[in-house]
1. Of the numbered conditions (1) facing chain B (nearest Cβ under 10 Å); (2) among the small types (Gly, Ala, Ser); (3) on the phi > 0 side of the Ramachandran plot, A:Gly16 fails exactly one; give the number of that condition.
2. Does B:Gln45 satisfy the condition of being of a type in the set (S, T, N, Q), touching a residue at least 40 places away in the same chain (Cβ under 8 Å) and within 14 Å of chain A (Cβ to nearest Cβ)?
3. When the residues of segment B:79-111 are narrowed to those that are surrounded by fewer than 17 Cβ atoms within 10 Å (Cβ to Cβ) and within 18 Å of B:Arg61 (Cβ to Cβ), which ends up farthest from the other protein chains (Cβ to nearest Cβ)?
4. Do we have A:Ser82 as more than 26 Å from B:Gln45 (Cβ to Cβ), at pLDDT 95 or above, surrounded by 15 or more Cβ atoms within 10 Å (Cβ to Cβ) and away from chain B (no Cβ under 14 Å) here?
5. Here are A:Phe74, A:Phe101, A:Phe91: which of them is facing another protein chain (nearest Cβ under 10 Å) and either more than 27 Å from B:Met94 (Cβ to Cβ) or surrounded by 21 or more Cβ atoms within 10 Å (Cβ to Cβ) (or both)?
6. Would you be able to say whether some residue in segment B:54-74 is away from every other protein chain (no Cβ under 14 Å), within 23 Å of A:Met39 (Cβ to Cβ) and touching a strand residue (DSSP E or B) at 6+ places or on another chain (Cβ under 6 Å)?
Amino acid sequence: DAGVIQSPRHEVTEMGQEVTLRCKPISGHNSLFWYRQTMMRGLELLIYFNNNVPIDDSGMPEDRFSAKMPNASFSTLKIQPSEPRDSAVYFCASSRYNEQFFGPGTRLTVL
Amino acid sequence: GESVGLHLPTLSVQEGDNSIINCAYSNSASDYFIWYKQESGKGPQFIIDIRSNMDKRQGQRVTVLLNKTVKHLSLQIAATQPGDSAVYFCAENMGDSSYKLIFGSGTRLLVRP
């Protein structure tokens, strides 16, 4: 199994631009999680889906952030417009039960 | 991946010694706990888990101890190796029937050769 796949691995953009992060979960997993990791705040859960349905989005910082899961094998996290404070590593994780498997992350830099 | 928090606790051990990493969790209703290892530039990787009906679980070179009375979790690594150098996170499931995990702030383990 290829594990959780995220793209791009690195993204550098300018303030105000739209950013889309992509995730392919492990086949057969029915839960998907988006996390953000920064030096200051550690690893934060942004949103999670179960069977493609958003269950808890209380961690989404503000309306500039949105996430979708159109099918069991794909999810996106979009930031529009992006701001320098959004710079972080964004992880996607998937699970079938309690153990979550993490992807390699997308390092986002907003200038 | 970047590490966590400006005040990330650091544990420095000599290669070959045993390591003990501690974690205090917040919710007495939590019924499942996981330890993750995160190496530089990578996502967190599962090490070992334990359910609240157990107080000890052993894996290969790792042992997790759970003390529900004081809400404390520890990870013991036997014969620590240079490859064990990483940031270690504990995580708890809130016992609310979801698969949502709450992560601790992490501990950096440095292994001296």
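The values are calculated or read from the model by the stated rules, or taken from the named source; none is laboratory data. Quick caveat, the model's predicted, so the values are computed rather than measured. Please note: Cβ atoms are built from the backbone with ideal geometry, for glycine as well, and neighbour counts cover all protein chains shown.
1. Unmet condition: (1).
2. The answer is no for B:Gln45.
3. Across segment B:79-111, the extreme among qualifying residues is B:Ala79.
4. Numbers: more than 26 Å from B:Gln45 (Cβ to Cβ): yes; at pLDDT 95 or above: yes; surrounded by 15 or more Cβ atoms within 10 Å (Cβ to Cβ): yes; away from chain B (no Cβ under 14 Å): yes.
The answer is yes for A:Ser82.
5. Testing whether each residue is facing another protein chain (nearest Cβ under 10 Å) and either more than 27 Å from B:Met94 (Cβ to Cβ) or surrounded by 21 or more Cβ atoms within 10 Å (Cβ to Cβ) (or both) leaves just A:Phe91.
6. Looking for residues that are away from every other protein chain (no Cβ under 14 Å), within 23 Å of A:Met39 (Cβ to Cβ) and touching a strand residue (DSSP E or B) at 6+ places or on another chain (Cβ under 6 Å), one finds none in segment B:54-74, hence no.
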